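The values are calculated or read from the model by the stated rules, or taken from the named source; none is laboratory data. Owing to the predicted nature of the structure, the values given are computational and were not obtained by experimental measurement. Heads up, the Cβs are rebuilt from the backbone with ideal geometry, glycines too, and the neighbour counts pull from every protein chain shown.
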């Protein structure tokens, strides 16, 4: 189910969202529940976000059998902060005595 949803988002939904300055990300699939994150202009405009969420949910449920629910998750952390955290984490674990020096 994950690959079918990811393909649908990539081919039909993402180009439409990007044309309005937004981005859409498949966060995960658990049984019949799909988690989606909307970012960019579309994620920050309440009217646009509501319309987009409705359209995405309708399209996913119509085209991918077995989807019972679509949840839209918020991103409360900036992309820059996430990239910085990943950069730090990829260097390896920070030992307790090293943490004091940073």
Problem - Complete set of residues in the stretch 1-35 that are in a loop (DSSP other than H, G, I, E, B), closer than 15 Å to residue 62 by Cβ and in contact with a strand residue (DSSP E or B) (Cβ under 6 Å, 6 or more places away or on another chain) - result: 1
Completion exercise
For helices (runs of 4 or more DSSP H) lying entirely in the stretch 36-102, having 3 or more residues that are at pLDDT 75 or above and within 18 Å of residue 13 (Cβ to Cβ) picks out 46-63
Practice task
Please list, ordered by first then second residue, the pairs with beta carbon atoms under 6 Å, 6 or more apart or interchain, first in the stretch 23-46 and at positive phi and surrounded by 15 or more Cβ atoms within 10 Å (Cβ to Cβ), second at pLDDT below 90 and in a strand (DSSP E or B).
Solution key: 40/22; 40/23
Exercise for the section: Those residues that are modelled with pLDDT of 90 or more, more than 18 Å from residue 74 (Cβ to Cβ) and in contact with a helix residue (DSSP H, G or I) (Cβ under 7 Å, 6 or more places away or on another chain), I need them from the stretch 13-28; list them, please. Expected result: 13
